[in-house]
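Below: the structure, in structure tokens.
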């Protein structure tokens, strides 16, 4: 059972991630896990009001009896005229709902990358070798699906590790298209539809940014708006760790399949997660994320 704790911050041990509050006329200590502190550390100051939940019993840590903070509800500065709110989980959830509901044309994008050889090679650079996307309108109707294997620019021959992981052959890659051909198509679609590009995690955005440099192409970063659906999940559900794509899909779909690491299949999975998540933020679906906290 979760217990809500409220009060002013009386002390803050940044190194050991411990704060203290006066609760029921006693000074009590609370432990902040690193992943949680990374989100809210800039708001932690002495005498600011904080509200959070705890779920476990007290334990001895660094000479203090502490309870572990589950998630932060609110952090604010209490003032005579108007309080200053620095962090509010309710506002985060409202903002997430507004964002999700106001997206129009969406591109659900997934990229597969070449992988380092089993033996460490410091000269090796990962490259995009498959692109899959699902472009849909505001009603969820498919405008276009795209699935292409991309020839690497720097390392033409894929490592055994890559071929095994992605279950493709060198011949498949040799028959692929150059990255510049994909770039021309991608640029046309971006200019025509100005889609929100919805990805799972930051890796796809970073991979595209690096691919522009590798291929000496003008970056499209200024013309593309990326939505990190993983980050939305972590913030909305107060998850401390990253959630895998297919574990997320299991929140919304009854599936037993193992992830195939195919770009288009993963892009479609991302779209299924998005529409399930949209139901959640609009109060039409409840999912159990307790096993991921």
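The values are calculated or read from the model by the stated rules, or taken from the named source; none is laboratory data. All values derive from a computational prediction rather than experimental measurement. Cβ placement follows ideal geometry from the backbone for every residue including glycine, while neighbour counts extend to all protein chains displayed.
Here is a list of conditions, (1) more than 30 Å from residue 156 (Cβ to Cβ); (2) surrounded by 15 or more Cβ atoms within 10 Å (Cβ to Cβ); (3) in contact (Cβ under 8 Å) with a residue 40 or more places away in the chain, and residue 282 meets all of them except one; can you say which number that is?
Single failed check for residue 282: (2).
For region 167-182, name all the residues that are without any contact (Cβ under 8 Å) to a residue 12 or more places away in the chain, surrounded by fewer than 13 Cβ atoms within 10 Å (Cβ to Cβ) and assigned to a helix (DSSP H, G or I). Steps first, please.
First pass over region 167-182, keeping only residues without any contact (Cβ under 8 Å) to a residue 12 or more places away in the chain: 169, 171, 181.
Subsequent filtering for residues that are surrounded by fewer than 13 Cβ atoms within 10 Å (Cβ to Cβ) retains 169, 171.
171 - this is the single residue of region 167-182 that is without any contact (Cβ under 8 Å) to a residue 12 or more places away in the chain, surrounded by fewer than 13 Cβ atoms within 10 Å (Cβ to Cβ) and assigned to a helix (DSSP H, G or I).
Across region 183-217, what is the total count of residues that are part of a loop (DSSP other than H, G, I, E, B) and in contact with a helix residue (DSSP H, G or I) (Cβ under 7 Å, 6 or more places away or on another chain)? Steps first, please.
Step one: list which residues in region 183-217 are part of a loop (DSSP other than H, G, I, E, B), which gives 194-195, 200-202, 215-217.
Narrowing further to those that are in contact with a helix residue (DSSP H, G or I) (Cβ under 7 Å, 6 or more places away or on another chain): 200-201, 215, 217.
Here the count works out to 4.
The conditions are (1) within 17 Å of residue 275 (Cα to Cα); (2) crowded, with 17+ Cβ neighbours inside 10 Å; (3) touching a helix residue (DSSP H, G or I) at 6+ places or on another chain (Cβ under 6 Å), and residue 106 fails exactly one of them. Which is it?
(3)
Can you find even one residue in region 65-73 that is over 20 Å from residue 228 (Cα atoms), more than 19 Å from the chain's Cα centre (by Cα), without any contact (Cβ under 8 Å) to a residue 60 or more places away in the chain and surrounded by fewer than 16 Cβ atoms within 10 Å (Cβ to Cβ)?
Yes, that holds for at least one residue.
Can you give me the number of residues within region 34-54 that are farther than 17 Å from residue 86 by Cα and either touching a helix residue (DSSP H, G or I) at 6+ places or on another chain (Cβ under 7 Å) or surrounded by fewer than 14 Cβ atoms within 10 Å (Cβ to Cβ) (or both)?
Quick first cut of region 34-54, residues farther than 17 Å from residue 86 by Cα only: 34-35, 53-54.
So of that shortlist, the ones also either touching a helix residue (DSSP H, G or I) at 6+ places or on another chain (Cβ under 7 Å) or surrounded by fewer than 14 Cβ atoms within 10 Å (Cβ to Cβ) (or both) come out as 34-35.
Residues that pass the stated criteria total 2.
Give region 239-284 a look and list any residue that's part of a loop (DSSP other than H, G, I, E, B) and at pLDDT 95 or above, or say none. Break it down stepwise before answering.
Pass one, region 239-284, residues part of a loop (DSSP other than H, G, I, E, B): 239-244, 253-262, 282-284.
Answer for region 239-284, where residues must be part of a loop (DSSP other than H, G, I, E, B) and at pLDDT 95 or above: 282, 283, 284.
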